[in-house]
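The values are calculated or read from the model by the stated rules, or taken from the named source; none is laboratory data. Given the structure is predicted, the values throughout are model-derived calculations rather than measurements. All Cβ positions, glycine included, derive from the backbone under ideal geometry; neighbour counts span all protein chains shown.
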Amino acid sequence: MKLSTLLVSLCSLSLVAGCSRVGPEVKPSQQHPTTQPALLGSLSQCQSYSGLPNAWQKHKTAGMVWIPKGSFPLGSNQAYPDELNFGAKERQVDGFWIDQTEVTVAQFSSFVQATGYITDAEKQKQAAVFSPDANQPNQWWQLKADYTWKTPNGPSGQAPLPSEPVRYVTKNDAEHYTVWLGHDLPSEQEWEYAAKAGSKNDTPLHQAPQDAHQHPQANYWQGEFPLKNTVEDHFEGIAPVGCYAANAFQLYDMIGNVWEWTSSVYHGAHDQHMGNYTDLRQQNSATTQYVLKGGSFLCASNFCARYRNSSRYPQEFDLAATHVGFRTVLRSQE
């Protein structure tokens with residue numbers, strides 16, 4: 001596994017996926033009355049959120065919104081080579097339900113309490129941890145033990161908030177959670193369609209997710225990565241879900257906060273320019289890589305501008321990391 005993979009993953013903070021308000025509306029009739037979207041979108045609302053949506057574990061679509069079928073322009077012509085679309089420009093996507101927020105610590109805890117599940121990071125006793133060191137400015141990752149979804153800040157660090165996105169989960173962990181709920185991981189096309197939310201605009205490479213006053217509209221890195229974070233977005237690290245405005249499909253944090261697993265195998269240019277962490281692994285073996293989407297709180301303009309809804313990054317399926325989480329989909333109709 002490559003620390004480079006994670007590294008770039010690291011910097012890959014997606015951008016203004018959720019800022020556009022263009023796109024088809026989700027009709028109220030398409031929402032179950034007990035699972036209306038959470039009222040989030042501001043600092044006060046996200047900081048008081050319990051992390052559990054209305055009707056949690058009482059209805060199959062609790063905490064989800066319905067995305068109507070449609071078409072969208074896949075990829076980007078103004079960014080990295082692996083975002084170029086070499087197929088049909090417009091891709092068709094059937095309707096589906098998707099989590100309004102990234103899966104939270106509280107939701108994942110419900111799963112663990114119900115099943116006794118032990119994550120890969122707990123069993124492997126290692127995870128890729130973002131650990132910047134002023135004496136080694138080009139090496140920001142270390143493989144460490146005791147960094148898990150329960151202790152994302154280390155064994156003696158602060159416990160995670162229930163409303164934070166769950167982290168240090170592998171694709172395997174995420175899939176076990178989805179099976180428990182009767183859901184799935186989104187495909188790359190489903191994820192990007194939901195993130196673009198009807199927008200046909202192509203975001204330029206270095207256009208950060210900001211409003212007209214240059215205020216951050218997502219949780220990403222401001223300042224000189226990896227040692228200086230000016231915290232203009234109010235968070236030095238991870239943020240609770242839903243602190244910023246939703247996109248036109250009423251989805252939160254489709255850009256920034258944590259990269260999100262998809263079910264799609266990664267194909268394409270790797271564009272790995274942030275260092276390689278593969279050599280840190282005890283055993284170097286070929287593993288299948290899957291597409292991550294959405295960027296993370298570690299992405300900065302001075303290294304990689306992956307804060308766009310077309311951003312993608314390859315990640316080994318069995319590696320848990322500081323800045324990787326997920327959300328789920330349900331492909332059944334109303």
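From the list 232, 260, the one residue that fits, being surrounded by 14 or more Cβ atoms within 10 Å (Cβ to Cβ) and not in a loop (DSSP other than H, G, I, E, B), is 260. Once the stretch 181-200 is narrowed to residues that are among the aliphatic types (A, V, I, L, M) and outside any helix (DSSP H, G or I), the residue that is nearest to the chain's Cα centre (by Cα) is 185. Within the stretch 309-334, the set of residues being modelled with pLDDT of 90 or more and of a type in the set (D, E, K, R) comprises 312, 316, 318, 327, 331. Within the stretch 107-116, does at least one residue satisfy the condition of being assigned to a loop (DSSP other than H, G, I, E, B), in contact (Cβ under 8 Å) with a residue 12 or more places away in the chain and surrounded by fewer than 21 Cβ atoms within 10 Å (Cβ to Cβ)? Within the stretch 107-116, none of the residues are assigned to a loop (DSSP other than H, G, I, E, B), in contact (Cβ under 8 Å) with a residue 12 or more places away in the chain and surrounded by fewer than 21 Cβ atoms within 10 Å (Cβ to Cβ).
Of all residues in the stretch 154-164, none satisfies being at pLDDT 95 or above, of a type in the set (S, T, N, Q), farther than 27 Å from residue 240 by Cβ and more than 15 Å from the chain's Cα centre (by Cα). Taken over the stretch 282-307, residues that are among the basic types (Lys, Arg) and modelled with pLDDT under 90 amount to 1.
Looking only at residues in the stretch 120-145 that are part of a loop (DSSP other than H, G, I, E, B) and within 22 Å of the chain's Cα centre (by Cα), the one that is surrounded by the most Cβ atoms within 10 Å (Cβ to Cβ) is 140. All of 211, 271, 279 fail the test of being on the phi > 0 side of the Ramachandran plot, acidic (Asp, Glu) and either modelled with pLDDT under 90 or surrounded by 19 or more Cβ atoms within 10 Å (Cβ to Cβ) (or both), apart from 271.
When 217, 222 are screened for being among the polar types (S, T, N, Q), more than 24 Å from residue 316 (Cα to Cα), in contact with a helix residue (DSSP H, G or I) (Cβ under 9 Å, 6 or more places away or on another chain) and in contact (Cβ under 8 Å) with a residue 12 or more places away in the chain, only 217 passes.
Please state which one of 114, 145, 174 is touching a Leu at 6+ places or on another chain (Cβ under 7 Å) and not aromatic (Phe, Trp, Tyr). Testing whether each residue is touching a Leu at 6+ places or on another chain (Cβ under 7 Å) and not aromatic (Phe, Trp, Tyr) leaves just 174.
Taken over the stretch 46-63, the criterion of being in a loop (DSSP other than H, G, I, E, B), closer than 15 Å to residue 243 by Cβ and among the polar types (S, T, N, Q) is satisfied by 48, 50. Only one of the listed residues (178, 203) is among the polar types (S, T, N, Q) and in a helix (DSSP H, G or I). That residue is 178.
For beta carbons closer than 8 Å, sequence separation of 6+ or different chains, a first residue in the stretch 67-85 that is of a type in the set (Val, Ile, Thr) and a second that is surrounded by fewer than 21 Cβ atoms within 10 Å (Cβ to Cβ) and part of a loop (DSSP other than H, G, I, E, B), the qualifying pairs are 67/26; 67/95.
Considering the stretch 88-106, and only residues there that are modelled with pLDDT of 90 or more and not in a strand (DSSP E or B), the residue that is nearest to the chain's Cα centre (by Cα) turns out to be 102. In the stretch 64-87, of all residues being in contact with a Leu (Cβ under 8 Å, 6 or more places away or on another chain) and in a loop (DSSP other than H, G, I, E, B), the one that is surrounded by the fewest Cβ atoms within 10 Å (Cβ to Cβ) corresponds to 87. Summed over the stretch 162-192, residues that are of a type outside the set (Val, Ile, Thr) and in contact with a Gly (Cβ under 7 Å, 6 or more places away or on another chain) total 4.
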